[in-house]
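Peer 1: Have a look at this one.
The values are calculated or read from the model by the stated rules, or taken from the named source; none is laboratory data. No experiment lies behind these values; they were computed from the predicted model shown. Heads up, the Cβs are rebuilt from the backbone with ideal geometry, glycines too, and the neighbour counts pull from every protein chain shown.
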Amino acid sequence: MSIKYVLQKNNLVEEPQQYAASMRIAGSVGLNELADRIVEQGTTVRRPDVLAVLENALMAADSMLLDGFRVQFGGLVDLYPKIKGSFEGPTDTYDPSRHQVDVGAMPGKRVRDNFREHAAVEKTETIKPQPSLIEVSQLPAPAAEVTESLEEDVIPIVAGSICTLNGYRLRFNPAAEDEGIYFVARIGGAVIKVATVQKNMPGQLVFLMPTIATGGLYYLEVRTRYTAEGELRIGRYGNMFTKQA
């Protein structure tokens, strides 16, 4: 599958005809999608075991970083500990009010070489605007023990909660039947439309969590048009949602 890109004027240089490529990201994936792809590629290992190994690999990487190691993750990415902030002379020491420990990252040689050799790109005229879903919160919030029991990219649903979704280009036409806020089942594609919306603004939507079946995984989508007769644009949140028993 080709990776889409567009050309945009490069304002960092003086030449008026200099343009730079901007890649159009197809979406975001997490451990669940990676496990699905591994199974699709063919393996004798069951999907739950694949997920467990991926999670254990992340935990091991976390542990090695905390021990001060540079983690070369199989040629995929290099991770390394670092400290942000300036020190006032050679006798100065780490101060949490002025400094911050952090993790740096660089793409690994294997993934870079493979991408450069095999990636196919396709030029498109423009990147069409679409809803950008940045942050979701619930009131009341999910219990900490419930959140910790789930995979990192899965958010527990609190029945009857008030949800706040922050982002960009979120506002939709409530009179249009195919616009609004939707929960879409990962398996089967069943769609649940949010019925009660308290706030409908470009940067924020506030709505009542709809009734959702226990156990399934759901994507959160916002569907809208930017002109009366325009194309329906769909934005999807990066994490999935589930309702626990």
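Peer 1: Among the residues of segment 73-90, which ones are of a type outside the set (Phe, Trp, Tyr) and out of contact with any Lys or Arg (no Cβ under 9 Å at 6 or more places or on another chain)?
Peer 2: Val77, Lys82, Ile83, Lys84, Gly89, Pro90
Results for (1) in a strand (DSSP E or B); (2) within 20 Å of Leu34 (Cβ to Cβ); (3) in contact with a Leu (Cβ under 8 Å, 6 or more places away or on another chain); (4) among the acidic types (Asp, Glu), shown as yes or no for each residue.
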| site | (1), (2), (3), (4) |
| --- | --- |
| Glu55 | no, yes, yes, yes |
| Ala60 | no, yes, no, no |
| Phe69 | no, no, no, no |
| Phe87 | no, no, no, no |
| Asn114 | no, yes, no, no |
| Glu125 | no, no, no, yes |
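Peer 1: Return a yes/no flag: does segment 131-140 have any residue that is closer than 27 Å to Ile25 by Cα, under 21 Å from the mean Cα position of the chain (by Cα) and assigned to a loop (DSSP other than H, G, I, E, B).
Peer 2: Within segment 131-140 (the criterion being closer than 27 Å to Ile25 by Cα, under 21 Å from the mean Cα position of the chain (by Cα) and assigned to a loop (DSSP other than H, G, I, E, B)), the answer is yes, since at least one residue qualifies.
Peer 1: How about segment 59-99: which of its residues are out of contact with any strand residue (DSSP E or B) (no Cβ under 9 Å at 6 or more places or on another chain), on the phi < 0 side of the Ramachandran plot and touching a residue at least 12 places away in the same chain (Cβ under 8 Å)?
Peer 2: Ser86, Phe87, Arg98
Peer 1: Here's something else I'd like to know. Would you check which residues across segment 97-110 are over 21 Å from Ser63 (Cα atoms) and part of a loop (DSSP other than H, G, I, E, B) and list them?
Peer 2: Ser97, Arg98, His99, listed by residue number.
Peer 1: Could you look through segment 7-48, keep only residues that are of a type in the set (S, T, N, Q) and part of a loop (DSSP other than H, G, I, E, B), and pick out the one that is modelled with the lowest pLDDT?
Peer 2: Asn11
Peer 1: Also, quick follow-up: Can you find a residue that is closer than 27 Å to Met240 by Cα, in contact with a Pro (Cβ under 9 Å, 6 or more places away or on another chain), surrounded by 12 or more Cβ atoms within 10 Å (Cβ to Cβ) and not hydroxyl-bearing (Ser, Thr, Tyr) anywhere in segment 31-48?
Peer 2: Within segment 31-48, one or more residues are closer than 27 Å to Met240 by Cα, in contact with a Pro (Cβ under 9 Å, 6 or more places away or on another chain), surrounded by 12 or more Cβ atoms within 10 Å (Cβ to Cβ) and not hydroxyl-bearing (Ser, Thr, Tyr).
Peer 1: Would you mind finding the one in Leu139, Leu150 that is closer than 29 Å to Val39 by Cβ and touching a residue at least 24 places away in the same chain (Cβ under 8 Å)?
Peer 2: Leu150
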